[in-house]
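The next block holds one structure in the form of structure tokens; read it before the comments.
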Amino acid sequence: MVTSSNIVVSVIIVNYNTSKMVLDAIDSIYKRTSNVEYEVIVVDNCSKTDDKQTLRNSQQNFKYIELQENIGFGRANNTGINNAMGKYIFLLNPDTMLINNAIKILADYLDSNADVAVCGANLYDADMVPIHSFQRCLPTPICDLNLMLNNAIFKLKYQDSHTHNFTHKPLEVGYITGADMMIRKSVIEKTGAFDPDFFMYYEETELTFRIHKAGYKSVSIPDAKIIHLEGQSIKTSNERERLKSISKKLYYSKTSSMVSYRLSNFFQWINCILRIVIFSIVGDSQKRIYWSNILKNI
């Protein structure tokens, strides 16, 4: 029998109208995870009634917390963290599926490396194509300049491993994507959890900024492998980009300066214009709309 004192990892999944994916993710956890004690916590961010009912009626073993309003991704995770018993917090997106014993692999790495507070797996899409798993540095204007130059700066500096770990060994990075962050709970207790000012987007990077400021590292562990279904799509919307824009400005106001924010937006604006022109010429309306939505919200 597992007791609270035995739990090593608390897996936290935030649901918002994605109950089918949540249950698939949990199923993959139970199928792939062994030799480590863990718990699964699902925090529902005030989903539709039928979606909540699906989770209530599930026969799978997890702790279920139902919120009365949608309080945002970071604050919902904070609720899960406050109810977690593990020494490591594993923040997992609902649109993920474990490929191997990733939870054990990540927990073992934290066990052996006291200077590391955050680690994450290599992410793949449904066809096992490597996708964005981390970024080598925290957001700066250089990141947007790099995107404007089609990743030329980071490819020159980091070769292939600028967003996915092809080195076959642990790699120190700027931040792990919020889809699969494993964090020491003791460090969260020192630095604080997610900043409640962020509703969605940039909350994991701002938390990582504080963790790095406290002297800890973030590391990509390529032996751990997870499918992230969002990686298949380039779909975007005005609402999504509006939230990203708000959170980006908030991130810069908390970590650097408005000069950096404006410079970053300048590079992003040029990048959008260039992409819109290129995709208009080649007749790719889907990508043209994608970049147009981003441009509208800069």
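The values are calculated or read from the model by the stated rules, or taken from the named source; none is laboratory data. Just so it is clear, the model here is predicted, and its values are computed rather than measured. Quick reminder, even Gly has a Cβ in these numbers, built from the backbone with ideal geometry, and neighbours come from all protein chains shown. Side chains included, ligands, DNA and RNA excluded: accessible areas come from the protein's heavy atoms. Shrake-Rupley method; radii C 1.70, N 1.55, O 1.52, S 1.80 Å.
Quick notes on this structure:
- Unmet requirement for VAL40, which otherwise passes all of (1) under 18 Å from MET182 (Cβ atoms); (2) in contact (Cβ under 8 Å) with a residue 40 or more places away in the chain: (2)
- One residue stands out among those in the stretch 82-91 that are open to solvent by less than 10 Å² (accessible area, probe 1.4 Å) and under 16 Å from VAL14 (Cβ atoms): the one that is farthest from the chain's Cα centre (by Cα), which is ALA84.
- Filter result for ALA84 (touching a Leu at 6+ places or on another chain (Cβ under 7 Å), within 19 Å of ASP195 (Cα to Cα) and aliphatic (A, V, I, L, M)): no
- Of note, ALA114 satisfies the criterion of being surrounded by fewer than 16 Cβ atoms within 10 Å (Cβ to Cβ), of a type in the set (Gly, Ala, Ser) and part of a loop (DSSP other than H, G, I, E, B).
- Residue check, ILE211 open to solvent by less than 50 Å² (accessible area, probe 1.4 Å), assigned to a helix (DSSP H, G or I) and free of Cβ contacts under 8 Å to residues at least 24 places away in the same chain: no
- Sole residue being at pLDDT 95 or above and in contact with an Asp or Glu (Cβ under 9 Å, 6 or more places away or on another chain), chosen from GLU172, GLU206: GLU206
- Among the candidates SER186, SER264, SER247, residue that is of a type in the set (Ser, Thr, Tyr), in a helix (DSSP H, G or I), more than 26 Å from ILE131 (Cα to Cα) and open to solvent by less than 70 Å² (accessible area, probe 1.4 Å): SER186
- The residues of the stretch 267-283 that are more than 17 Å from ASN151 (Cα to Cα) and either basic (Lys, Arg) or open to solvent by 50 Å² or more (accessible area, probe 1.4 Å) (or both), listed by number, are VAL277, SER280, ILE281, VAL282, GLY283.
- Extreme residue, modelled with the lowest pLDDT, among residues of the stretch 262-290 that are aromatic (Phe, Trp, Tyr) and more than 17 Å from CYS143 (Cβ to Cβ): TYR290
- Number of residues in the stretch 33-74 that are basic (Lys, Arg), open to solvent by 60 Å² or more (accessible area, probe 1.4 Å) and touching an Asp or Glu at 6+ places or on another chain (Cβ under 9 Å) equals 2.
- For LYS225, the requirement of being at pLDDT below 95, open to solvent by 30 Å² or more (accessible area, probe 1.4 Å) and within 17 Å of the chain's Cα centre (by Cα) is not met.
- Residue match in the stretch 141-148 (condition: among the charged types (D, E, K, R), on the phi < 0 side of the Ramachandran plot and assigned to a loop (DSSP other than H, G, I, E, B)): no
- Residues (of a type in the set (D, E, K, R) and either open to solvent by 30 Å² or more (accessible area, probe 1.4 Å) or in contact with a strand residue (DSSP E or B) (Cβ under 6 Å, 6 or more places away or on another chain) (or both)) located in the stretch 117-164: ASP127, ARG136, LYS155, LYS157, ASP160
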